[in-house]
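Participant: Structure incoming, see below.
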Amino acid sequence: MELRPVIVYLTLCVVYAISKPTEKKDRIHHDSKLSEKEHDDGENFDYDHDAFLGAETAKTFDQLTPEESKERLGMIVDKIDDDNDGFVTEEELKTWIKKAQKKYIYENVDRQWKDFDTNNDGVISWEEYKNVTYGTYLDDPDPEDGFNYKQMMMRDERRFKIADQDGDLIANKEEFTAFLHPEEYDYMKDIVVLEAMEDIDKNGDGFIDLEEYIGDMYSHDGDPQEPEWVKTEREQFVEFRDKNKDGKMDKEETKDWILPSDYDHAEAEAKHLVYESDTDKDGKLTKEEIVDKYDLFVGSQATDFGEALVRHDEF
């Protein structure tokens, strides 16, 4: 029996602590960019299309007529209007943009779902996950790969219970996604920090000192000369990571390190789309306002052809 991919995924932090590559490792979770394209509405709306739909879906709209694009956009607006009040708020738009950007995560969960929903009831219980993931490994007191599977299972169970918001030890699709990808969910951030601290805190005092911090990123591996980046990280720890200057990082300092409060690209884009489309300036959008500005939100053959003309003129 082979290890399932999810075991490998969920124990990356464990492997992180065991393995000691000489190159720098990065634990910091950054929000990914909404698009690789430049955000220049004076030139085109490509960035907005990628942000609103996700890059792959945005490409499909470029093959549609304007009428088809408007029709599909209208159906999308119905999905964005979460409370069905006939308006799209900045918050609803931000939630939609974040979801569009996480499409690859949902696809990853969909691929694994059928393996764990063994009774095909549309949810995954902790028992289903435990049996499929660990199975006979728990019966082997001395596995050849050196992993402590009982300890790993206890860690997974703790995370599963936190992801399971209603506490019934059964995960729906969203809860299971939070379990597999906790860094993507605000209510899971504490467990991300706790797991990281458990991996790095070798002396078990509940804090991360300078040597533990460096040791997680780098091993001398017989080389007495530290790379320049290690010296820089030592300075970063002293000057910025250890905010209260007690020589170690506590939970909040660790959270600031691995889950920094980055610029919220989705929030900025939501504000931009509302500002550009809100004709009556009431701070929210109707379906009509969005569809009227459809070329800002989605592409079509017309916008794709127009950009081709611009490129041709430039050439």
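Participant: How high is the relative contact order of the chain, in percent, counting Cα pairs under 8 Å that sit 6 or more residues apart?
Facilitator: 32
Participant: For Kirkwood radius over Cα pairs in Å, the listed values are [x] 28.3; [y] 22.9; [z] 21.7; which was obtained by calculation from the structure presented?
Facilitator: [y]
Participant: A further question follows. Identify, among PHE61, THR254, PHE116, the residue whose Cα sits farthest towards the positive end of the charge dipole of the chain, taking +1 on the Cβ of Lys and Arg and -1 on the Cβ of Asp and Glu, with the dipole about the Cα centre.
Facilitator: Checked the options; the winner is PHE116.
Participant: Given R₀ = 45 Å, FRET efficiency for ASP40-LYS173 by Cβ-Cβ distance, to 0.05?
Facilitator: Computed FRET efficiency for ASP40 and LYS173 comes out at 0.75.
Participant: To continue, here is another question. Given charges of +1 on the Cβ of Lys and Arg and -1 on the Cβ of Asp and Glu, with all other atoms neutral, how large is the dipole of the chain about its Cα centre, in debye to the nearest 20?
Facilitator: The dipole magnitude comes to about 700 debye.
Participant: While we're on this one: Looking only at ALA58, ALA270, ALA302, which one moves most when the chain is put into a Gaussian network model with springs between Cα atoms under 10 Å?
Facilitator: Answer for the Gaussian network model of the chain: ALA302.
Participant: Given the Cα-Cα distance of LEU138 and THR65 and 0.36 nm per residue of separation, how much length would full extension add, in nm?
Facilitator: 20.6 nm
Participant: Express the accessible area of the chain per residue in Å², computed with a 1.4 Å probe while the remaining protein chains stay in the model.
Facilitator: Normalised by residue count, the accessible surface of the chain is 57 Å².
Participant: Could you check how much of the accessible area of the chain is carbon and sulfur, as a whole percent, using a 1.4 Å probe?
Facilitator: Summing carbon and sulfur atoms, their accessible area is 51 percent of the total for the chain.
Participant: What order do you get for 95-102, 116-123 when each peptide is scored by the mean count of other beta carbon atoms within 10 Å, highest first?
Facilitator: My ranking of the peptides, most packed first, is 95-102, 116-123.
Participant: Tell me what the chain gives for mean residue ellipticity at 222 nm when only DSSP H runs of n ≥ 4 count, each as -39,500 (n - 2.57), the sum divided by the residue total, rounded to 500 deg cm²/dmol.
Facilitator: On the way: 18 runs with 174 residues, N = 315.
Dividing the helical sum by the residues of the chain leaves -16000 deg cm²/dmol.
Participant: Using a Förster distance of 30 Å, how high is the FRET efficiency between ASP186 and VAL230, based on the Cβ-Cβ distance and rounded to 0.05? Can you show the working numbers first?
Facilitator: Numbers: r = 32 Å, r/R0 = 1.08.
My answer for the efficiency is 0.40.
Participant: So, one more: Using protein chains only and a probe of 1.4 angstrom, how many square angstrom of ILE28 are accessible, to the nearest 10?
Facilitator: The accessible area comes out at roughly 40 Å².
Participant: Using the Cα centre of region 143-229 as origin and beta-carbon charges of +1 (Lys, Arg) and -1 (Asp, Glu), tell me which of LEU210, GLN165, PHE147 is placed farthest towards the positive end of the dipole.
Facilitator: GLN165
Participant: Given the options LEU180, LEU259, LEU73, state which has the largest fluctuation in a GNM of the chain using a 10 Å cut-off (strictly under) for Cα springs.
Facilitator: Maximum fluctuation in the GNM of the chain, among the listed residues, is at LEU73.
Participant: Please give, to one decimal in nm, the separation of the simple spin-label points placed at ASP256 and ARG158, each 7 Å out from Cα toward the Cβ.
Facilitator: Modelled inter-label distance: 2.4 nm.
Participant: List the GluC sites (Glu not before Pro) in region 122-207 that DSSP assigns to loop (not H, G, I, E or B) and whose Cβ has at most 13 other Cβ atoms within 10 Å. Which are they?
Facilitator: Sites meeting the loop and neighbour criteria: GLU144.
Participant: Among the GluC sites (Glu not before Pro) in region 25-96, which ones are in a DSSP loop with at most 16 other Cβ atoms within 10 Å of the Cβ? Mind listing them?
Facilitator: Passing sites in region 25-96 are GLU36, GLU38, GLU43.
Participant: Another one. Determine the alpha carbon to alpha carbon distance for each of LYS189/LYS248; LYS37/LYS161; LYS37/LYS248 and list only those over 31 Å.
Facilitator: Result: LYS37/LYS161; LYS37/LYS248 exceed 31 Å.
Participant: Between ASP221 and GLU198, with labels modelled 7 Å along Cα→Cβ, what's the label distance in nm to one decimal, could you check?
Facilitator: A separation of 2.8 nm, rounded to one decimal place.
Participant: I've got another one for you. Excluding ASP190 itself, calculate the net charge of residues whose Cβ lies under 9 Å from the Cβ of ASP190, where each Lys or Arg counts +1 and each Asp or Glu counts -1.
Facilitator: Combined, the nearby Lys, Arg, Asp and Glu give +3.
The values are calculated or read from the model by the stated rules, or taken from the named source; none is laboratory data. Every value quoted in this text rests on a predicted model; they were computed, and no experiment measured them. Glycine also receives a Cβ, built like all others from the backbone with ideal geometry; neighbour counts cover every protein chain displayed. Protein only, heavy atoms only, side chains kept; ligands, DNA and RNA dropped before computing areas. Shrake-Rupley method; radii C 1.70, N 1.55, O 1.52, S 1.80 Å.
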